[in-house]
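The values are calculated or read from the model by the stated rules, or taken from the named source; none is laboratory data. Note that the structure is predicted; figures quoted are calculated from it, not measured. Positions of Cβ are backbone-derived with ideal geometry, glycine not excepted, and every protein chain shown enters the neighbour counts. For the accessible areas, the whole protein counts, side chains as well, though only heavy atoms, and no ligand, DNA or RNA atoms are used. Shrake-Rupley method; radii C 1.70, N 1.55, O 1.52, S 1.80 Å.
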Amino acid sequence: MSKKSEKPAEGNEPEGSWKDVIYNPRTGEFFGRTASNWGLILLFYLVFYGFLVAMFVFTIWVMLQTLNDDTPQYRDRVASPGLAIRPNSLNIVFNRSEPLQYGQYVQHLESFLHQYNDSEQAKNDLCMAGQYSEQDEEPQKKVCQFRRSLLQRCSGMEDTTYGYAKGQPCVIVKMNRIIGLKPAGDPYINCTSQSEKPLQMQYFPHEGTIDRMYFPYYGKKAHEGYVQPLVAVKLLLKKEDYNSELIVECKIEGSNLKNNDERDKFLGRVTFRVLVTE
């Protein structure tokens, strides 16, 4: 007797169809795993990733315990400060007869020197000249006065145009702040003309000195209200100096601070150009 091959009734799917891969009603498996299997896998990954997160948070917490809110942990990359000038331009170009041309420089100087007003500095301390103001044990550091009037002819108090209207502009040189810096010797700012023409200059304070009483600096948070000492340089231009570009380089001298590193042209020095027309 011949056997006839049995075919599934039309419309019925064979046992073990593709739907069983998603959910098998006979075994209760979902994607090949029971609910208890999926629960164990989920629990494992919750514990595993929870441990990773906890370990990451713990390492960050340990690292934060080594930091000081007032002082950076590592401060050995910059041993000497850079120099910067105000007005904040390395190319000072203007016509002395046109207030609109030099007005931006005057306004910048006025805004910058506001914090040095004598009325603002009166709340700060009168420190001992020539001595470091060391306050390592003091929780709140005192701030030494630097009155705007020390800049005399470049203070903007006698001449509100800072010499720009007369064609003899003032440029203010300042050192960048470095926490804990105590320069040896008696630092001062010295500027020279890099052009062929000689150039006369006048310094305020006298001889461009930077007193040691403004050092060390303890950081923005611990040394609230601190202001850097300034040196104003008045360029005594003559009529023959007009209409010619002059290159001026200012360096910090008289101390152990670097000013000749060829890899960094702003380390202990700054160069700017001046062109005055009439």
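For the reader, a short list of remarks on this structure follows.
- Rounded to the nearest 20 debye, dipole of segment 174-237 from Cβ charges on Lys, Arg, Asp, Glu: 260 debye
- Sites Ser149 and Ser97, calculated FRET efficiency, Cβ-Cβ separation with R0 41 Å, nearest 0.05: 0.90
- Rounded to the nearest 10 degrees, the inclination of helix 99-113 to the longest alpha-carbon principal axis of the chain is 80 degrees.
- Taking label positions 7 Å along the Cα-Cβ direction at both Lys238 and Glu138, the computed distance is 4.8 nm, reported to one decimal.
- 0 to 90° range, to nearest 10: angle between helix 35-65 axis and the chain longest Cα axis: 20 degrees
- Just the protein heavy atoms count here, and of the accessible area of the chain at 1.4 Å, carbon and sulfur take up 54 percent.
- Of all DSSP-defined beta bridges confined to the chain, some 80% are antiparallel rather than parallel.
- Dipole magnitude (debye, nearest 20) for segment 83-276, charges at Cβ of Lys, Arg, Asp, Glu: 260 debye
- Rounded Å value of the spacing that divides the Cα centres of segment 230-278 and segment 146-220: 11 Å
- For the chain, a Gaussian network of Cα nodes joined below 10 Å ranks Gly39, Gly130, Gly167 by mean-square fluctuation, and the top entry is Gly39.
- Charge dipole of the chain about the Cα centre (unit charges at C-beta), most positive-ward option of Ser111, Leu267, Pro183: Leu267
- Surface accessible to a 1.4 Å probe, per residue, for the residues of the chain, Å²: 64 Å²
- Exceedance of the 18 Å cut-off in Cα-Cα distance is limited, within the set Lys220/Lys258; Lys182/Lys234; Lys166/Lys238, to Lys220/Lys258; Lys182/Lys234.
- Label corresponding to semi-axes √(5λ) of the Cα gyration tensor in Å when calculated from the structure given, among (i) 42, 20, 15; (ii) 73, 28, 17; (iii) 30, 22, 19: (ii)
- Under 5 Å between amide hydrogens, built in the peptide plane, is the criterion, and for Ala232 it picks out Val173, Phe204 among residues at least 5 positions away or on other chains.
- If you run the Gaussian network model on the chain, springs between alpha carbon atoms under 10 Å, then out of Leu90, Leu257, Leu42 the most flexible one is Leu42.
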